[in-house]
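Report on the structure given below.
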Amino acid sequence: MMGPDVVWYLAVAAFLFCTGALGVLIRRSPLIVLLSLEIMLNGANLALITFARYYGRGDGQVFALAVMAIAASEVVVGLGLIVAMARRHLDLDVDELRTLRG
Amino acid sequence: MIAAAWICLLTPLGAALAITLAGGRLSRRGAGFVASASVLVSFVAAVVTFALLLGDKPEERAHASTLWSWLTAGQLDFGLRILVDPLSTFMMLVVSGVGFLIVVYSIGYMDGDDEERRYFAYMALFVFSMLMLVQGGNLLMLLVGWGLVGLSSYLLIGFWHERPDAIAAAKKAFVMNAVGDATMALALFLLIQKTGSLNYEIVFFQANSLSSWTANLVALGLLGGAVAKSAQLPLQTWLPDAMEGPTPVSALIHAATMVTAGVYLIVRTNPLFEAAPKVLELSAGLGAATLLIAGLIALVQTDIKRVIAYSTMSQIGYMFLAAGLGAYANAMFHLMTHAFFKALLFMAAGIVIHALTGEQDMRKMGGLRRLMPRTYWAFLIGALALTGMPPFSGFFSKDPILAAALASGWYGEILWVAGMIGAFLTGVYTFRMVFMVFWGEPSAFVREHFHKLKQDLVGVSLEVPVGVLAVLAAFGGWIQFANLWTPITDWLEPVARPLVEATGTQEAVSSVLAVLLGLAGIGVAWAIYAVHRAERPRVPWAQTLLEHKFYFDELYDFVFYRPAVFLAVALGNYVERPLVFGSVRELAEGVRELGSGTRRIQTGLVRTYALAIAASLAVVTIVFVAVR
């Protein structure tokens with residue numbers, strides 16, 4: 001089997017993960033935060049599949065499928081929350097949701 | 001015999017428990033009858049014990065009985081043990097006999113009081129405690145009885161608990177007695193260490209092999225207990241204040257029985273005291289000093305009960321004098337006659353107080369001779385016995401004490417002089433009381449407040465015991481006449497062998513002089529208080545000194561109370577508030593600051609939490625990689 005070395009796959013995965021994490025940390029819109037989360041999950045998925053191929057076993061792929069399912073359900077809940085917020089005419093800004101401040 | 005002794009000891013305890021547990025189911029007078037009956041049973045049991053003991057040979061008159069082992073610690077084993085011997089039987093008879101008369105008297109005296117049941121429960125408890133003290137078969141049982149009589153005395157002095165004076169007096173008596181209890185307990189510790197036991201036979205057997213230091217310390221400790229309980233110098237100040245209690249209590253506890261426990265203690269532990277002759281001499285000296293000081297103070301008191309209280313101190317001074325010189329039988333004989341005539345005086349005074357609706361100030365009394373002739377005669381008999389006039393009981397018991405002093409060398413002669421002065425003072429203060437209360441014309445106060453005693457249950461229960469005691473005070477002394485007829489000395493011989501034996505001449509000289517001085521005292525009192533012919537000598541500084549009771553209260557206040565309060569306040573201001581309270585406050589402040597600092601970390605922003613998670617994960621990863 002030919003193609004780039006495994007390191008390159010992992011580098012892309014790490015890049016995707018870091019991009020997502022940065023998005024989660026610095027963006028204020030809940031929609032973009034959810035989107036960045038998806039990018040982080042996909043970075044992780046890429047790493048899982050890479051290792052699955054590298055070792056020639058199926059476990060990693062099974063995990064990747066499970067992560068996708070979880071990501072989908074998480075997006076459902078997250079979007080549901082965003083819709084609820086919009087219905088109440090709240091600002092769509094995660095920094096405004098700070099009622100848990102000590 | 002042993003069974004009778006146990007019955008004698010435990011019946012009053014049973015009565016106290018029964019009255020307490022029955023509560024409202026027992027009528028008030030019923031409580032009085034239960035208490036009287038129990039003490040009567042005690043007395044009968046004591047008489048039975050005495051009669052049976054009389055059947056033994058004199059050397060074999062000591063029977064111990066142990067119910068069970070009460071305290072065990074290592075080698076030590078203290079049994080619940082009583083000892084029946086001539087001395088304890090003698091005391092059992094006095095305590096239960098006089099106690100019975102006084103409890104009967106209480107039925108009348110306390111009639112109508114709100115808390116009669118409590119009173120009678122305490123009285124029965126007291127009789128039990130006192131019997132425990134005299135019957136105890138080892139020094140520990142004696143100490144238990146010693147503490148219990150102190151407790152009952154405290155409870156009964158403070159019986160009228162709504163009167164602040166009574167509460168203060170009760171506390172004072174308890175604290176003063178606690179000092180004596182403590183020295184006594186220390187003496188017992190020393191004995192346990194040196195002899196390994198507190199049983200009388202073992203301890204007395206080893207008394208002479210103790211080092212002189214130990215013997216002196218033990219005797220001093222016991223003497224401390226004795227002077228506290230018997231209100232002798234220097235722990236005497238509680239007794240006059242104790243007169244705040246009901247009059248029968250004063251008669252029973254503070255005249256007839258408990259205050260004489262110190263004399264009993266010295267006589268009981270005489271081998272220990274004889275091993276420390278200096279301490280024995282000290283107790284005689286203390287007795288002589290107390291009898292003089294108390295006699296002097298009694299001259300200026302105006303409260304009838306306090307005069308009698310001081311005369312009690314004075315008479316116990318005679319007993320200490322006798323016990324300290326080794327004339328044990330004379331001390332015990334005087335203890336017995338004193339119980340008769342002093343209880344009589346207190347109870348007759350109680351009838352006077354009762355008839356005058358609670359007034360105790362002699363200056364408001366007067367002319368009661370014609371209003372209450374029977375009480376007058378009873379009181380007069382008590383007064384004559386107290387003064388030591390023949391043929392009343394005090395004459396037979398007091399004069400041998402003085403004769404014994406005369407037979408004890410130069411030290412005894414000094415004490416003899418003190419005793420003679422005491423005899424004169426006794427005549428003055430006793431008859432001052434008689435003349436002020438009973439002679440002359442009825443005062444305005446008496447005319448207004450006097451009410452005659454009715455001949456119902458109250459009147460009978462007041463007058464019958466007084467009558468019986470009057471007979472005893474008049475003739476009770478005839479059972480012993482020094483050098484000629486001495487059953488009491490012979491009876492006590494196996495327990496306490498006298499150290500001095502006065503000759504017939506010494507007896508005669510002492511008797512004649514004491515009677516003459518007593519008569520002189522009566523004469524002085526008569527001239528000043530009955531016919532008002534002689535001017536009362538006015539010495540302002542002496543008057544003040546005596547009215548302040550030689551400033552003993554002030555001295556103790558200054559030496560013990562004030563420094564203690566000062567120390568407590570200083571510790572409160574300079575230690576407790578800055579250190580104890582301060583440290584707690586600082587600690588609380590610190591915790592609160594820490595909390596408000598930590599609070600700022602919790603922003604409520606999800607992003608910060610995410611950053612914290614990401615950053616810490618990164619750190620963990622880097623560390624992990626670097627370490628590997």
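The values are calculated or read from the model by the stated rules, or taken from the named source; none is laboratory data. The shown structure was predicted, so the numbers you read here are calculated from the model rather than taken from an experiment. With ideal geometry, Cβ positions are generated from the backbone for all residues, glycine too; neighbour counts draw on all protein chains shown.
The set of residues in the stretch B:601-628 that are within 11 Å of chain A (Cβ to nearest Cβ) and not in a helix (DSSP H, G or I) comprises B:Ile601, B:Gln602, B:Thr603, B:Gly604, B:Leu605. Of all the criteria given as (1) surrounded by 11 or more Cβ atoms within 10 Å (Cβ to Cβ); (2) within 14 Å of chain A (Cβ to nearest Cβ), the one not satisfied by B:Gly582 is (2).
Looking across the stretch B:444-462, the residues that are in contact (Cβ under 8 Å) with a residue 24 or more places away in the chain, outside any helix (DSSP H, G or I) and surrounded by fewer than 17 Cβ atoms within 10 Å (Cβ to Cβ) come down to B:His451, B:Lys452. Of the set (1) farther than 26 Å from B:Gln236 by Cβ; (2) in contact with a Gly (Cβ under 7 Å, 6 or more places away or on another chain); (3) of a type in the set (Val, Ile, Thr), all apply to B:Ile381 but (2).
Every test in (1) farther than 19 Å from B:Gly317 by Cα; (2) in contact (Cβ under 8 Å) with a residue 40 or more places away in the chain; (3) of a type in the set (D, E, K, R) is passed by B:Lys398 save one, and that test is (1).
Screening the candidates B:Phe379, B:Phe395, B:Phe435, B:Phe424 for the property of being in a helix (DSSP H, G or I) and surrounded by 24 or more Cβ atoms within 10 Å (Cβ to Cβ) yields one hit, B:Phe379. Pairs are defined by a Cβ separation below 7 Å, a sequence spacing of at least 6 or placement on different chains, a first member in the stretch A:25-53 that is over 26 Å from A:Asp91 (Cβ atoms) and within 14 Å of chain B (Cβ to nearest Cβ), and a second member that is β-branched (Val, Ile, Thr) and assigned to a helix (DSSP H, G or I); the pairs so defined are A:Ala44/A:Val67. Within the stretch B:97-125, residues that are touching a residue at least 12 places away in the same chain (Cβ under 8 Å) have Cβ atoms under 7 Å from residues that are among the acidic types (Asp, Glu) and assigned to a helix (DSSP H, G or I) in these pairs: B:Met110/B:Glu116, counting only partners at least 6 apart in sequence or on another chain. Taken over the stretch B:361-376, the residue count meeting the criterion of being over 14 Å from B:Glu448 (Cβ atoms), surrounded by 18 or more Cβ atoms within 10 Å (Cβ to Cβ) and either touching a Cys at 6+ places or on another chain (Cβ under 9 Å) or not β-branched (Val, Ile, Thr) (or both) is 4.
Closer than 30 Å to B:Pro234 by Cβ, more than 14 Å from chain A (Cβ to nearest Cβ) and modelled with pLDDT of 80 or more: is that true of B:Leu517 in this structure?
Considered against the rule, which asks whether it is closer than 30 Å to B:Pro234 by Cβ, more than 14 Å from chain A (Cβ to nearest Cβ) and modelled with pLDDT of 80 or more, B:Leu517 comes out as yes.
Do we have any residue at all in the stretch B:590-600 that's over 41 Å from the mean Cα position of the chain (by Cα), within 14 Å of chain A (Cβ to nearest Cβ) and not in a helix (DSSP H, G or I)? Among the residues of the stretch B:590-600, at least one is over 41 Å from the mean Cα position of the chain (by Cα), within 14 Å of chain A (Cβ to nearest Cβ) and not in a helix (DSSP H, G or I), which makes the answer yes. Per this entry, A:Val83 is not counted among residues that are under 17 Å from the mean Cα position of the chain (by Cα) and either aliphatic (A, V, I, L, M) or away from chain B (no Cβ under 14 Å) (or both). Identify all residues within the stretch A:59-79 that are surrounded by 14 or more Cβ atoms within 10 Å (Cβ to Cβ) and polar (S, T, N, Q); write none if there are none. Residue satisfying the conditions is A:Gln61 alone.
Within the stretch A:28-71, the set of residues being farther than 20 Å from A:Tyr9 by Cα, of a type outside the set (Gly, Ala, Ser) and assigned to a helix (DSSP H, G or I) comprises A:Pro30, A:Leu31, A:Ile32, A:Val33, A:Leu34, A:Leu35, A:Ile70.
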